[in-house]
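Readers should treat all values here as calculations from the given coordinates under stated rules, not as data from a laboratory. Predicted model, so just to flag it, every value in this text is computed and none were measured. Don't worry about glycine lacking a Cβ; one is built from the backbone with ideal geometry, like all the others, and counts go over all protein chains shown.
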Amino acid sequence: MQHSKKKIFSDITKLTEFIRAIQNLGKKVVFTNGCFDIIHVGHVTYLEEAKNEGDFLVVGINTDSSVRKLKGPNRPINHENARLQVMAALESVDAVILFEEDTPLSLISAIKPDVLVKGGDYPVTEIVGADFVLSNGGIVKTLSLIPNFSTTNIEQKLKNQH
């Protein structure tokens, strides 16, 4: 098993070189992305399903400033380095990298995954990078979500308890 710190990439060039080597061996690379602010059973199940779509799972994680733009000034709850470390510790995840942009399109374009996955709350037509992946012969899939598990729901429960 790969040590979790070795799963964290700070350089897109090193990650893409690593991915090309994997793809040249005939392995299928899967990509997904998100904030992954508070990891819960929904995330873990989703990432396990994502990994089952190929051989090597890459997860793009929004930076703190990107999360604030998407989720508001009170997020993220966990700092980006903590979110990277937790994600890298999951057995189903093979590589993690931060992205600053509003969308992971430049990351997807660089990685050129064989499979792009998102949660079932996104129709394929709204998945960022879907057109790119499909035009390069890849597959785009939505995966099922476990109902009532989201960071927003957890955050709301905590607020209601105080």
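Evaluate the relative contact order of the stretch 4-161 (contact order divided by residue number), counting alpha-carbon pairs under 8 angstrom at least 6 apart; express in whole percent.
Details: 252 pairs, mean separation 42.8, N = 158.
Reported as a whole number, the value is 27 percent.
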Whose amide H sits under 5 Å from the amide H of Val140, counting only residues 5 or more places off or on another chain, with H placed in the peptide plane?
Leu116
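If you count, for each residue, the other Cβ atoms within 10 Å and average over each peptide, how do 121-130, 40-49 line up from highest to lowest? It would help to have the intermediate numbers written out before the result.
Working: 121-130: 14.6, 40-49: 17.9.
The densest-packed peptide leads the list: 40-49, 121-130.
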